[in-house]
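Heads up: the structure comes next, in structure tokens.
Readers should treat all values here as calculations from the given coordinates under stated rules, not as data from a laboratory. In this text the structure is predicted, and so the values were computed from the model without any measurement. Cβ atoms come from the backbone with ideal geometry, glycine included; neighbour counts cover every protein chain shown.
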């Protein structure tokens, strides 16, 4: 597999930024298509035409966060946010919707290149056979990928996985996760941080996408089969 995506989608209301970034990516051997709004992109076709997405958050009508959620519902490909919107709320909202990385404008194109490469190394190897499954070992706090890689889970992460598995492929509302945190306040921010750490741990240790996705404005959903290991603690 190439170390860099072949087909880019850029959505940003700054047409000059889109044009120059597309030219920069093409000079590095990639195809790049750009749109000034989420509506233009949606009208143009399906998200699965592309290997990587670069999105702004400050878009008219359909906001960038909603666009990210729409893209994530259709594909597991990498999503990089490049935006002038500042603050932890923008960062948390983008990641909760399904973005992989967030960098602030103003930004150099070489920074975008390295950010894309970093994300693509993690998420580019996400091709899992349809009949493969993940294994959850609650007794030992372990998640095992379809390829056999083991991921040690913290108690909070294990409880998150257990709730997802119990729901099967049905989306689980965020409120159902809030009492899993060690923080008695049940903060949404703490939940987002826990989900973010779990995603990154899975990607770093397996090279695969996590077997769950964000359901924008609702919660989270298991998207790959997961079975339970009944092995007692003494077996490991």
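Looking at segment 24-39 only, could you name the residues that are assigned to a loop (DSSP other than H, G, I, E, B) and without any contact (Cβ under 8 Å) to a residue 40 or more places away in the chain?
29, 30, 36, 37, listed by residue number.
Any residue at all in segment 61-71 that's buried (at least 23 other Cβ atoms within 10 Å of the Cβ) and either over 18 Å from the mean Cα position of the chain (by Cα) or in a strand (DSSP E or B) (or both)?
No, because not a single residue in segment 61-71 is buried (at least 23 other Cβ atoms within 10 Å of the Cβ) and either over 18 Å from the mean Cα position of the chain (by Cα) or in a strand (DSSP E or B) (or both).
Could you go through segment 73-82 and let me know if any residue there is loosely packed, with under 14 Cβ neighbours inside 10 Å, over 16 Å from residue 116 (Cα atoms) and in contact (Cβ under 8 Å) with a residue 24 or more places away in the chain.
Looking through segment 73-82, at least one residue is loosely packed, with under 14 Cβ neighbours inside 10 Å, over 16 Å from residue 116 (Cα atoms) and in contact (Cβ under 8 Å) with a residue 24 or more places away in the chain.
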